[in-house]
1. Go through the stretch 94-122 and give me each residue that's farther than 16 Å from residue 39 by Cα, surrounded by fewer than 18 Cβ atoms within 10 Å (Cβ to Cβ) and more than 27 Å from the chain's Cα centre (by Cα).
2. Would you please name the residue that is nearest to the chain's Cα centre (by Cα), looking only at residues in the stretch 149-166 that are part of a strand (DSSP E or B) and at pLDDT below 90?
3. Conditions first: (1) touching a strand residue (DSSP E or B) at 6+ places or on another chain (Cβ under 8 Å); (2) in the same structural domain as residue 52 (by TED's automatic domain parsing). Residue 118 passes all but one, so which condition is the exception?
4. From 433, 411, 320, which residue is over 30 Å from residue 88 (Cβ atoms), in a loop (DSSP other than H, G, I, E, B) and at pLDDT below 80?
5. Can you pull out every residue in the stretch 216-250 that is in contact with a strand residue (DSSP E or B) (Cβ under 6 Å, 6 or more places away or on another chain), within 16 Å of residue 179 (Cα to Cα) and surrounded by 14 or more Cβ atoms within 10 Å (Cβ to Cβ)?
6. Which residues, counting only those in the stretch 231-244, are closer than 16 Å to residue 175 by Cβ and outside any strand (DSSP E or B)?
7. Would you check which residues across the stretch 48-93 are at positive phi and exposed (fewer than 14 other Cβ atoms within 10 Å of the Cβ) and list them?
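The values are calculated or read from the model by the stated rules, or taken from the named source; none is laboratory data. The structure displayed is predicted, hence computed values, not measured ones. Glycine gets a Cβ as well: all are built from the backbone with ideal geometry, and neighbour counts include every protein chain shown.
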């Protein structure tokens with residue numbers, strides 16, 4: 001009996017010692033893939049027991065394809081293998097191949113932390129390479145925009161058949177599609193409406209829209225039309241070609257042409273002047289010259305406004321983009337997320353900030369910062385998100401102070417007058433690596 005018990009203990013111990021983290025990958029869906037179609041690569045990372053820090057999924061390059069990691073919430077998994085219970089985390093990459101042919105994804109190292117005998121241990125697992133083929137004999141080699149479930153809609157801020165000369169109205173065109181990204185959606189070919197002035201605003205793109213238990217992307221364009229004179233005008237129909245991955249066929253989404261009816265501007269009632277019998281002729285001439293001068297000035301102002309408004313709109317768009325891409329604006333947005341966002345959003349904001357600072361993972365960033373407060377708060381956050389542990393809430397104010405103090409130190413640091421003779425690091429990373 002004792003010998004049997006000893007053998008069973010050795011067998012169970014051998015299984016526990018052999019338990020190691022691992023990763024696996026798969027291409028979602030089946031069937032033929034066309035160029036431009038979004039392919040989802042699902043990666044599952046497993047560790048025995050529990051995670052002490054989440055997997056750091058890196059981006060990687062694939063020739064003739066665009067690879068992104070959508071901002072979607074990870075999925076927690078559990079699995080028992082040979083009597084050992086594993087905890088897992090699933091993330092999905094979005095890959096858009098640009099041409100037909102075979103594609104081979106490389107082996108991808110993924111860093112993580114997990115518990116061994118109650119102690120946090122760092123490890124690296126390798127996502128095995130995987131291959132897939134794009135194109136087929138029955139598929140076009142270079143289709144147009146590829147998606148499925150595409151819809152196109154339009155709306156107006158006022159009735160285009162009840163306008164007066166000088167009125168303006170807005171037209172909004174919305175394109176929604178599944179299994180794609182908004183930045184991949186081409187703009188709408190609007191054409192021009194003869195007799196109407198039109199101004200196209202910068203498009204609005206959105207991803208991660210929940211629609212019927214699926215995730216959609218949206219491209220929205222707004223056009224402002226101005227009717228300078230009375231009459232009837234035609235806004236041409238819209239055709240939006242796309243390739244449906246469900247039916248494997250080219251399709252065209254359309255919007256009908258629009259009739260615009262513009263009436264004469266309403267005349268304002270005026271008080272008839274009462275002229276004196278002996279009116280000064282010279283005063284009449286001066287009034288005529290003044291009216292002519294005012295008309296010339298108004299025409300010049302109208303001409304200048306017509307030239308300057310598009311330039312001002314372009315300058316405003318450029319200024320807004322520069323502001324939103326500035327370090328101070330990104331820091332401000334991150335602070336807002338830390339103050340009011342949920343714990344998943346806070347972790348995603350910190351991870352994005354680490355990437356913008358030049359670090360591949362949040363773990364690299366924390367190691368370089370040398371801030372015990374920041375390290376402790378992120379460990380608390382990771383335990384709650386990825387270790388399924390109940391513990392104290394994170395100190396959001398402490399995280400903001402730590403990040404702001406470090407950002408102020410970086411901005412106040414003055415560069416040396418001469419470049420270093422032996423440059424070894426940029427942003428805390430070794431150049432020789």
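1. 115, 116, 117, 118, 119, 120, 121, 122 - these are the residues of the stretch 94-122 that are farther than 16 Å from residue 39 by Cα, surrounded by fewer than 18 Cβ atoms within 10 Å (Cβ to Cβ) and more than 27 Å from the chain's Cα centre (by Cα).
2. Per the criteria, the residue is 149.
3. (1)
4. Exactly one of 433, 411, 320 is over 30 Å from residue 88 (Cβ atoms), in a loop (DSSP other than H, G, I, E, B) and at pLDDT below 80, namely 433.
5. Scanning the stretch 216-250 gives 216, 217, 218, 219, 242, 243, 244, 245.
6. 237
7. 64, 82, 83
Condition check ((1) surrounded by 13 or more Cβ atoms within 10 Å (Cβ to Cβ); (2) under 20 Å from residue 248 (Cα atoms); (3) in contact with a helix residue (DSSP H, G or I) (Cβ under 7 Å, 6 or more places away or on another chain)) across all residues:
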| residue | (1), (2), (3) |
| --- | --- |
| 152 | yes, yes, no |
| 157 | no, no, no |
| 162 | no, no, no |
| 181 | yes, yes, no |
| 184 | yes, yes, no |
| 189 | no, no, no |
| 197 | yes, no, no |
| 200 | yes, no, no |
